[in-house]
Structure formats: structure tokens, C-alpha cells
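We did not get these values from a lab; they are worked out from the coordinates using the rules stated. This is a predicted model, so every value here is computed, not measured. Cβ placement follows ideal geometry from the backbone for every residue including glycine, while neighbour counts extend to all protein chains displayed.
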Amino acid sequence: MTTTFHNPPTAPPPAGPYSNLADIDLGSTRLLLLAGQVAIDGDGHVVGEDDMSVQTAFVFDAIAALLADRGATFAHVVNIRTYLADMDRRAEYGEARRRYLRDPLPTSTTVEVSRLFRPGLLLEVDITAVVAGTA
């Protein structure tokens, strides 16, 4: 088993001292673990403050870029974990998220948190994906 860590230039940089993606080679498959993604641009600014649709699109576009860097798509996603700053906005999040996911849908956990690490952030999403072969 080999693990490599990546911060591809096609996605926003990590918001702190960590890697955006771990690629774990399990032989015939690879497990991709994505760090939580938030709506912070490359300059460190919150994108779409108080707009769940804009923040969700930004987050899922970042996830798509991270997956693509490892030869994966949303079809390879097996689990989504979402942290919402306000569960009353879950319907807005769900509507925006549906634009990215197709059947069969991955497993999913959504929880409300008291706050995220930066004021203005409405959500954080992390992903687990499984890909056949090597990168």
C-alpha cells in the first residue's frame, strides 16, 4: 500500500497546512480521500457569502478538479460528508448538489455544526472515492 498526497494547481489551495487529497494505492484500486472543501478562493476570500448555491457550486467545482487530477469523476464517489452551519438551509444545499451527482447516489452524511473555521462559510464537504487501477 502506497499513499501520496496532492495539492493540484487546478483546485483552490488548502486553507491551512494540510493536503487537499490523499491517494491510497491498494493494488487493483485506489482510495481517494479529499480534505474538507470550502468556498475560499486562491486569495483567501470567502466566495458567495450568505449564498448557499454559489458556495455549493464553488465547493463541488473544487471537488471535481481534485477528482479529475486523479483520473476520477463524481461517478467514483462513494461517500459525501457535509457540515452545514445552518441545517435550515439543507434544501438549498441539496438543490445545488443535485447538479453534480447522478444515480447511483453515494452514501451521505449531513450534520449541522455550530460554526466553521471562517466567518461567512456556510458549508464544508469532504469526499471519499474509489478508482480502479493506478494514477
Using the beta-carbon distance between Arg115 and Arg81 and R0 = 22 Å, what value does 1/(1 + (r/R0)^6) give for FRET efficiency, to the nearest 0.05? 0.80
For 106-116, 11-21, ranked highest to lowest by mean beta-carbon neighbours within 10 Å, the order is 11-21, 106-116
With no solvent and one equal point scatterer per Cα, compute the Debye intensity ratio I(q)/I(0) for the range 83-135 at 0.14 Å⁻¹ and report its log10, rounded to two decimals. -0.47
Whole-Å distance, taken between Cα centres, linking the range 64-129 and the range 1-44: 15 Å
Run lengths n ≥ 4 of DSSP H only: what is the helix-derived mean residue ellipticity at 222 nm for the chain, with -39500 (n - 2.57) per run over all residues, to the nearest 500? -6000 deg cm²/dmol
Suppose every K and R has +1 on its Cβ and every D and E has -1 on its Cβ; what is the size of the dipole of the range 2-132 about the Cα centre, in Debye to the nearest 20? 380 debye
For the chain, the longest principal axis of the Cα atoms and the Cα long axis of helix 52-69 enclose an angle in degrees, to the nearest 10, of 10 degrees
Per DSSP, the loop-located chymotrypsin sites (Phe, Trp or Tyr not before Pro) within the range 58-128 having at most 12 other beta carbons within 10 Å are Phe117
